[in-house]
1. Answer with yes or no whether Val41 is over 17 Å from Leu170 (Cβ atoms), in contact with a strand residue (DSSP E or B) (Cβ under 8 Å, 6 or more places away or on another chain) and among the β-branched types (Val, Ile, Thr).
2. Kindly provide the set of residues from the range 155-203 that are in contact with a Ser or Thr (Cβ under 6 Å, 6 or more places away or on another chain) and crowded, with 20+ Cβ neighbours inside 10 Å, ordered by number.
3. Could you please find all residues in the range 229-251 being of a type in the set (A, V, I, L, M, F, W, C), open to solvent by less than 10 Å² (accessible area, probe 1.4 Å) and under 19 Å from Leu208 (Cα atoms)?
4. So which residues in the range 44-78 are under 29 Å from Ser212 (Cβ atoms), outside any helix (DSSP H, G or I) and either β-branched (Val, Ile, Thr) or open to solvent by less than 10 Å² (accessible area, probe 1.4 Å) (or both), if there are any at all?
5. Can you find a residue in the range 122-133 that is among the aliphatic types (A, V, I, L, M), open to solvent by 40 Å² or more (accessible area, probe 1.4 Å) and farther than 30 Å from Ala256 by Cα?
6. Just wondering, is there one or more residues in the range 211-220 that are open to solvent by 20 Å² or more (accessible area, probe 1.4 Å), closer than 23 Å to Ser6 by Cβ and more than 20 Å from the chain's Cα centre (by Cα)?
7. Among (1) on the phi < 0 side of the Ramachandran plot; (2) in contact (Cβ under 8 Å) with a residue 12 or more places away in the chain; (3) not charged (D, E, K, R), which single condition is Gly143 missing?
8. Please determine, by comparing only the residues of the range 85-114 that are acidic (Asp, Glu) and not in a helix (DSSP H, G or I), which one is nearest to Asp150 (Cα to Cα).
Amino acid sequence: MTLDLSHLSAGARLQAFESSEVRVRLVQEARWVSHERVQRVLDELEWRYLHPVCSRMPCLLLYGDSGIGKTMAIEKFLRMHPPTYDPREGLQKHSVLMVKMPTTPDERRFYVKLLTTLHAPFSPSERLAALEDIGMRLLRKIGLKMLVIDEAHQLLAGSYREQRRALNLLKGLTNELMIPVIAVGTEDALHAIQTDAQVASRFDPLHLARWSESDAFRNFIVTFAKQLPLRKASPFSDREMIRLVLASSGGITARATRLITRAAAEAIADGTECIDCARIDAMNARRLSDAA
């Protein structure tokens, strides 16, 4: 079978010869697509990662709507700095570590999450001071250079007193370890950190905003679509299509990519092998009907 697959990336061209069932599974897999805004995040993280040790390490607050791409950027950075095994110490080294903030901003729960993430042996019934001591000693031992705290907006989940203690925890981590701390969350995380002037002065805010109609958004969508093994070209570079995807997704990255991958799966299953505005409109109509 002779196919014109010039609209696809090299990897997707090979996948285009797979069966419909295999290709439907392939389009549903997570994929990394670089773009200008996420590259800026990676650059900011790398600058802090390489920063010389000093008494006031530069920290970062990465915030934006859920689904905008914050966690994917962090996961990409983690892949750029993977853990390594030290055979002499019999220990896995982590230069970058990500820990999720507990649903309640409680110091004990944070250290339990931290130690669980590191697969460290400990007793949850230990006193907070003991958990903190184990955690800090272990973080130094694994060679940590950067700590990422995801879901930082959970700082607002507790009482005022709990929020103050959680903010003091952030200050204490960067002071004690002398490493940059990266807080990641929604705009609520910005509000939480701004309630403490000392914490706010340490965390430079970086906002991942919703997409707007732009060349950057078009380039992102076109690049994303090139990775989907559809055997026919789709008009993703057309202004009408870009506007429709933008309106349908509200400018949220995850919604846009989910919309396109579902449309691609349908196009493969029904044999049309391309995505057009009519298909996106039909999917939106079904979504509104299901919500009614």
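The values are calculated or read from the model by the stated rules, or taken from the named source; none is laboratory data. No experiment lies behind these values; they were computed from the predicted model shown. A quick note on method: Cβ atoms are made from the backbone with ideal geometry, for glycine too, and the neighbour counts reach across all protein chains shown. Heavy atoms of the whole protein, side chains included, go into the accessibility calculation; ligands, DNA and RNA do not. Shrake-Rupley method; radii C 1.70, N 1.55, O 1.52, S 1.80 Å.
1. yes
2. Once the filter is applied, which keeps residues that are in contact with a Ser or Thr (Cβ under 6 Å, 6 or more places away or on another chain) and crowded, with 20+ Cβ neighbours inside 10 Å, the range 155-203 yields only Val181.
3. Val245
4. Cys59, Leu60, Leu61, Leu62, Gly64, Ile68 - these are the residues of the range 44-78 that are under 29 Å from Ser212 (Cβ atoms), outside any helix (DSSP H, G or I) and either β-branched (Val, Ile, Thr) or open to solvent by less than 10 Å² (accessible area, probe 1.4 Å) (or both).
5. yes
6. Within the range 211-220, one or more residues are open to solvent by 20 Å² or more (accessible area, probe 1.4 Å), closer than 23 Å to Ser6 by Cβ and more than 20 Å from the chain's Cα centre (by Cα).
7. Against the list (1) on the phi < 0 side of the Ramachandran plot; (2) in contact (Cβ under 8 Å) with a residue 12 or more places away in the chain; (3) not charged (D, E, K, R), Gly143 comes up short only on (1).
8. Asp106
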